[in-house]
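> One structure is given below, represented as C-alpha cells, and several questions about it will come after.
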Amino acid sequence: MAGMQRYGGEELGEAPHIVVLGSCKVGNFVVSTPVLRGLKARFPKAVLGFVGSELTADFEAALDAIDWRLSWDDPAPGAGLRLQQELAQLQQRHGPVQLAVNLDGFNPVTCSLVPWLNPCFVAGGSLTANLRRQLPWGELPQQHFLADPEWDSPAFLDRYRGVFASNYIAELFCRLAFVADYADPTAIELPASDPPFEVPELLIHCTTARGAKLWPFSHWRQVVEFATGRGWRVGLVGSPPAAQREAYNAGDGEEDLLASTGLEDLRGRTSLMELAGAAQRARAVISVDAGPLHIAAAVGTPTLAVVGNDGAGVGASPVRLWLPRCENVSRTTAMASCSACSDNRFRNDDCLVDGHPCMASVGPEQVIGWLEGVMG
C-alpha cells in the first residue's frame with residue numbers, strides 16, 4: 001500500500017483492473033456514467049469494477065461499462081467483512097487494482113475503502129495507506145481542485161481557466177479521471193425497464209432531502225389542477241409515502257394534493273430502472289432538484305427543473321454544478337435573488353430566510369407556460 005500515487009493520466013497497461021467508488025445518491029450515480037464510459041473508451045480491455053450503493057444497485061448492475069459491482073452501504077450484519085473478502089477475491093480473479101477513482105471523495109467510508117484496494121494510482125479522496133491522514137491531493141489542477149470549496153461559483157472557472165470548460169459535475173469527474181477526451185460529460189445514458197403501470201402523460205416529483213429546495217405545495221396544486229383540467233393524467237413519483245415524509249420533507253403536502261386533486265399516487269411503485277422507463281414514456285416530467293430530475297433528463301424526456309435560482313444562477317440549488325446539460329432540460333427562474341444558500345456553500349438543510357423567497361417567487365405560471373409549450 002505504500003506505493004499509492006496520485007493519478008495524473010498515466011497509461012495503465014493493456015488490461016488494467018480499475019475500481020470506481022460511487023455515492024449513495026441517485027443524481028451522483030447518473031452523472032458518473034460519462035466517466036465510466038470514458039474509462040472504458042480509454043482502456044477498452046480494462047476490467048471496471050464499481051463499489052456503489054444498494055440504492056442504485058439496479059442501475060449499476062445493468063450498465064454495460066461496469067464489469068462487477070458491490071455495495072459499500074449494505075446494512076446486513078457482517079456486510080463490512082464480506083465486502084473486504086469479496087474485494088480480495090476480485091483482485092485475485094482480475095489482478096491488482098491499477099487505478100481507484102473515488103467519485104464520493106468526501107465520504108469517510110469510500111475514503112477508507114480506497115487503501116483496502118491497494119491501488120497503484122488514486123483519483124479522488126482517499127486516506128493514506130496507514131489510514132492515519134488524508135492522502136495529499138496532488139499538484140495538477142485536475143487533482144487539487146478537490147480542495148477548492150467553491151465548485152459552483154463563477155470564480156471557480158476563473159481559477160481553473162483552460163482546465164475546465166464548465167462547473168458541471170460530470171465534467172469535473174471526467175477531468176479527475178483524465179478521460180475528458182474520451183467521453184462527452186453532457187451525454188448521459190441510463191438503462192431502463194418497463195414500469196408496472198400505464199404511464200400518465202405528466203410525471204411530477206415534489207420532494208427532496210434538502211428542504212431549501214422545496215417548491216410550495218400551493219404552487220404544485222395550481223399546476224396539477226391546470227394539467228388535469230386539460231385532460232392530462234398526472235402521476236406523483238417518489239419513494240414510498242413513509243420514506244417521503246421521513247427523509248424527503250413531504251410532510252402532509254403530498255397527501256393533501258392526492259386527496260384534493262386528480263393526482264395519481266405512483267410513489268414507491270418502481271425501481272429506479274422502472275422509474276427511468278416511466279419517465280421515458282411520459283410526455284413531460286417536472287421535478288424539484290432531486291434524483292428523479294436527473295433520471296428524466298438522462299432518458300430524453302422534456303424535463304423542467306423547478307429551482308429557486310435567479311437568471312445568474314444564484315439561489316437554493318447549485319445549478320452550475322448539478323443542473324443537467326441535456327437539450328431536453330429547462331429550468332425555472334426565481335424572481336427573488338437570494339445568495340444565503342450559496343454563501344453557506346449549500347450546507348443548510350432548510351431555508352435560511354423567512355418566507356423562502358427564492359422558491360416562493362417561482363410562480364406556477366412559469367411551470368404552466370412551460371407545460372403549454374411542451375404538451376400543446
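The values are calculated or read from the model by the stated rules, or taken from the named source; none is laboratory data. Everything numeric in this text was worked out from a predicted model, so none of it was measured. When we count neighbours, we look across all protein chains shown, and the Cβ atoms used for this are built from the backbone with ideal geometry, even at glycine.
> Can you report the number of residues in the range 94-127 which are surrounded by fewer than 17 Cβ atoms within 10 Å (Cβ to Cβ) and in contact with a Phe, Trp or Tyr (Cβ under 9 Å, 6 or more places away or on another chain)?
Of the residues in that region, 1 qualify.
> Return yes when Glu254 is in contact with a Cys (Cβ under 7 Å, 6 or more places away or on another chain) and surrounded by 15 or more Cβ atoms within 10 Å (Cβ to Cβ) and no when it is not.
The answer is yes for Glu254.
> Of all residues in the range 65-101, which are among the charged types (D, E, K, R) and over 19 Å from Cys120 (Cβ atoms)? Talk me through it step by step, then tell me what you get.
Step one: filter the range 65-101 for residues among the charged types (D, E, K, R), giving 67, 69, 73-74, 82, 86, 93.
Across the range 65-101, the qualifying residues are Arg69, Asp73, Asp74, Arg82, Glu86.
> Right, here's the next one. Which is under 24 Å from Gly229 (Cα atoms), at pLDDT 95 or above and under 21 Å from the mean Cα position of the chain (by Cα), of Ser271, Ser287?
Details: Ser271 fails: under 24 Å from Gly229 (Cα atoms).
Of Ser271, Ser287, the one residue that is under 24 Å from Gly229 (Cα atoms), at pLDDT 95 or above and under 21 Å from the mean Cα position of the chain (by Cα) is Ser287.
> With Cys174, Cys206 as the choices, which residue is at pLDDT 95 or above, closer than 19 Å to Ile286 by Cα and within 22 Å of the chain's Cα centre (by Cα)?
None of the others qualify; the one that does is Cys206.
> OK, next. Quick one: would you say Pro119 is more than 30 Å from Thr270 (Cα to Cα) and within 20 Å of the chain's Cα centre (by Cα)?
No, not satisfied.
> What tally of residues in the range 102-146 results from selecting those that are of a type in the set (Gly, Ala, Ser), closer than 24 Å to Thr33 by Cβ and in a loop (DSSP other than H, G, I, E, B)? So that I can check it myself, show each step before the final result.
Of all residues in the range 102-146, those of a type in the set (Gly, Ala, Ser) come to 105, 112, 123-126, 129, 138.
Remaining after also requiring closer than 24 Å to Thr33 by Cβ: 105, 123-126.
After this cut, where a residue has to be in a loop (DSSP other than H, G, I, E, B) as well, the list is 105, 125-126.
So the answer is 3.
Table: residues versus (1) buried (at least 20 other Cβ atoms within 10 Å of the Cβ); (2) in the same structural domain as Ala165 (by TED's automatic domain parsing); (3) out of contact with any helix residue (DSSP H, G or I) (no Cβ under 6 Å at 6 or more places or on another chain); (4) not polar (S, T, N, Q).
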{"residue": "Asp265", "(1), (2), (3), (4)": "no, no, no, yes"}
{"residue": "Gly277", "(1), (2), (3), (4)": "yes, no, yes, yes"}
{"residue": "Leu293", "(1), (2), (3), (4)": "yes, no, yes, yes"}
{"residue": "Ala297", "(1), (2), (3), (4)": "yes, no, yes, yes"}
{"residue": "Arg325", "(1), (2), (3), (4)": "no, no, yes, yes"}
{"residue": "Arg331", "(1), (2), (3), (4)": "yes, no, yes, yes"}
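> Of the residues in the range 313-331, how many are over 26 Å from Asp184 (Cβ atoms) and assigned to a loop (DSSP other than H, G, I, E, B)?
The number of residues fulfilling the criteria is 2.
> Let me ask another. Looking at the range 59-76, can you tell me whether even one residue there is under 15 Å from the mean Cα position of the chain (by Cα), buried (at least 20 other Cβ atoms within 10 Å of the Cβ) and within 24 Å of Leu172 (Cα to Cα)? It would help to see each step written out before you state the result.
Our first condition is that a residue be under 15 Å from the mean Cα position of the chain (by Cα); within the range 59-76, this holds for 59-60.
Pick out the ones that are also buried (at least 20 other Cβ atoms within 10 Å of the Cβ) and you get 59-60.
Of the ones still in play, those that are also within 24 Å of Leu172 (Cα to Cα) are 59-60.
Yes, there is a match, as at least one residue in the range 59-76 is under 15 Å from the mean Cα position of the chain (by Cα), buried (at least 20 other Cβ atoms within 10 Å of the Cβ) and within 24 Å of Leu172 (Cα to Cα).
> Hey, could you check the range 146-197 for residues that are β-branched (Val, Ile, Thr) and buried (at least 21 other Cβ atoms within 10 Å of the Cβ) and say which is farthest from Cys341 (Cα to Cα)?
Among those residues, the one meeting the criterion is Val179.
> Within the bounds of the range 123-141, is there any residue that is touching a residue at least 60 places away in the same chain (Cβ under 8 Å) and touching a Gly at 6+ places or on another chain (Cβ under 6 Å)?
Checking the range 123-141: at least one residue is touching a residue at least 60 places away in the same chain (Cβ under 8 Å) and touching a Gly at 6+ places or on another chain (Cβ under 6 Å).
> I would also like to ask the following. Which count do you get for residues in the range 296-353 that are over 22 Å from Ser153 (Cβ atoms) and polar (S, T, N, Q)?
Matching residues across the range 296-353 total 4.
> Name the one entry in Ala227, Ala212 that is part of a helix (DSSP H, G or I), among the small types (Gly, Ala, Ser) and in contact with a strand residue (DSSP E or B) (Cβ under 8 Å, 6 or more places away or on another chain). Lay out the reasoning, then the answer.
Working: Ala212 fails: in contact with a strand residue (DSSP E or B) (Cβ under 8 Å, 6 or more places away or on another chain).
Among Ala227, Ala212, only Ala227 is part of a helix (DSSP H, G or I), among the small types (Gly, Ala, Ser) and in contact with a strand residue (DSSP E or B) (Cβ under 8 Å, 6 or more places away or on another chain).
> Next question. Answer yes or no as to whether Asn249 is modelled with pLDDT under 95 and touching a Leu at 6+ places or on another chain (Cβ under 9 Å).
So Asn249 fits the description; yes.
> Right, something else. In the range 279-305, what residues are touching a Pro at 6+ places or on another chain (Cβ under 6 Å) and assigned to a strand (DSSP E or B)?
Ala284
> Is it true that Gly211 is buried (at least 22 other Cβ atoms within 10 Å of the Cβ) and either farther than 19 Å from Gly373 by Cα or not charged (D, E, K, R) (or both)?
Answer is no for this residue.
> May I pose another question? If only one of Leu36, Leu90 is over 20 Å from the mean Cα position of the chain (by Cα), in contact (Cβ under 8 Å) with a residue 12 or more places away in the chain and under 18 Å from Thr110 (Cβ atoms), which one is it?
Values: Leu36 fails: over 20 Å from the mean Cα position of the chain (by Cα).
None of the other options fit; the residue is Leu90.
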